[in-house]
Every structure is written in C-alpha cells, then in structure tokens.
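Peer 1: Dropping the structure in here first, questions after.
All of the numbers you see were taken from the coordinates with simple rules; none came from a lab. The structure presented is a predicted model; accordingly, all values stated were derived computationally and were not measured. We place every Cβ from the backbone using ideal geometry, glycine too, and count neighbours over all the protein chains shown.
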Amino acid sequence: MLKYILISLLVLAVIWACTNNTRPADTTANAAEPKTEVATPKVDRAEAEQLVAEYDFIVAASPNGDTLTVAPFSFTLDLTAEAEEKLRDREESIIVAAYLTGLPKDKQNESFLKEGTQYLASPEIEVMEEREVTFEGVKIARADFAGLVDRDFTVTINIYSGRRSYQNNILDGEVPVESISDMVKEKRILRVELL
C-alpha cells in the first residue's frame, strides 16, 4: 500500500514539473537572455538646471535632477545678558530651526490636506556658544518645488533651548516669517531672551 502512495506522489510531482512553465533564474555571468531592470522614473536634469538658472535662491541641482539646493541664509543671535548667563551656567544649547513651506498647486496633496501647506524641508542647527548661524546645503525635492503656486516659498525661523538641562524651553526668540528670496539677501539679527 505504501508503495502505491509513493508512486502516485512521484507521478504527481513529475506531472506538476512538466506543466509548470516558469524557469529558475540563470545565475551564470553570461546568461543568454537579457536581464530586465526595474524601471525608475527619470527626472529631467535640464529642467532642474533651468530652475537653478531662473531662481537666485536655488544654487544647485543633484546629478539626477531630483533635488535642489537652497542658497545659504544666516542669522546672528542677540541674547540678553540674563539669557546668556542662564545658558552658560546650565550648559544649555540653543536650537535654531528653519521650516521651508509653500502653497501647492495640488490642493489634494497629502501634506496640504494634513498641514495646510506643502512641506519642503526643516533643518535644525544646535549651538552652544556660537551666535552666528548659517543654514547651507539645505535640500528640497525638485518635484515639490515645481508644484508650488509661488516658488518663492516661505521660511519660518524658530528658536528654542535644547532642553539639555531643562525639561521645557526657556527661550523666547524672534520668529521671522519671510520669503526665501528675502531671507537669502542679508543676515538677520534675532533677539533672544528668557521666557
């Protein structure tokens, strides 16, 4: 009886193998059939270079054109004597955050539906004793930039303590909200005091 079961299973295995039309992948270096590659969307490098040429606040494009680099923008932090003393005594840091946003053409955009704006980037710089802060090398997606109603997007700056010594923020700093074209023109002085 066991003999008949094994023979039946063997016959089924042979029939299944003969009817299966797929072949295992060729692992030799000189495979006769051409290999297919996964298609990736190509970004037009010329379009990215055109954006760099058109806008003073865009200084470079990535080699494949999918990322743009924003021109540097700088600030001088002007702390009150009390804020300087408290930060120094407690070895507390300062974080300067930049939020780059714009209004997208596509109002069904996920970022717009969630936040009411198109997020581009949000770099942060943490400093201890330095009072000169420069955002440079900030990258944004070319597709997001190209999809804005007004490409002169908004930059919002926020200043807060690094919370190394304190659980909550102890700083109150100016919060400039300006277009990127204005932001890159000149260094700003931002007043920072204790809360």
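Peer 1: Each residue of region 87-93 in order: what ³J(HN,Hα) in whole Hz does its phi give by Karplus 6.51 cos²θ - 1.76 cosθ + 1.60, θ = phi - 60°, with x for Gly and Pro?
Peer 2: 5, 5, 5, 9, 6, 8, 9
Peer 1: Let me know the charge dipole size of region 123-184 about its Cα centre in debye, to the nearest 20, where only the beta-carbon of Lys, Arg (+1) and Asp, Glu (-1) is charged.
Peer 2: Dipole of region 123-184, to the nearest 20 debye: 300 debye.
Peer 1: List every residue whose amide H lies under 5 Å from the amide H of K105, counting only residues 5 or more places away in sequence or on a different chain, with H placed 1.01 Å from N in the peptide plane.
Peer 2: L148, V149
Peer 1: Counting only residues 5 or more places away or on other chains, whose amide H sits under 5 Å from the amide H of R191 once H atoms are built in the peptide plane?
Peer 2: D78, E174
Peer 1: Report ³J(HN,Hα) in whole Hz for each residue of region 62-74, in order, from the Karplus equation J = 6.51 cos²θ - 1.76 cosθ + 1.60 where θ = phi - 60°; Gly and Pro get x.
Peer 2: 5, x, 8, x, 8, 10, 10, 9, 7, 4, x, 9, 10
Peer 1: Separate question: Given bins 5 angstrom wide, list per bin the percent of all Cα-Cα distances in region 81-195, short to long.
Peer 2: 2, 11, 20, 20, 15, 13, 10, 7, 3, 1
Peer 1: How many nm separate the modelled label positions at N168 and E193, each set 7 Å beyond the Cα in the direction of the Cβ?
Peer 2: 1.8 nm
Peer 1: Could you state the per residue volume, in Å³, of the convex hull enclosing the Cα atoms of region 136-188?
Peer 2: 132 Å³
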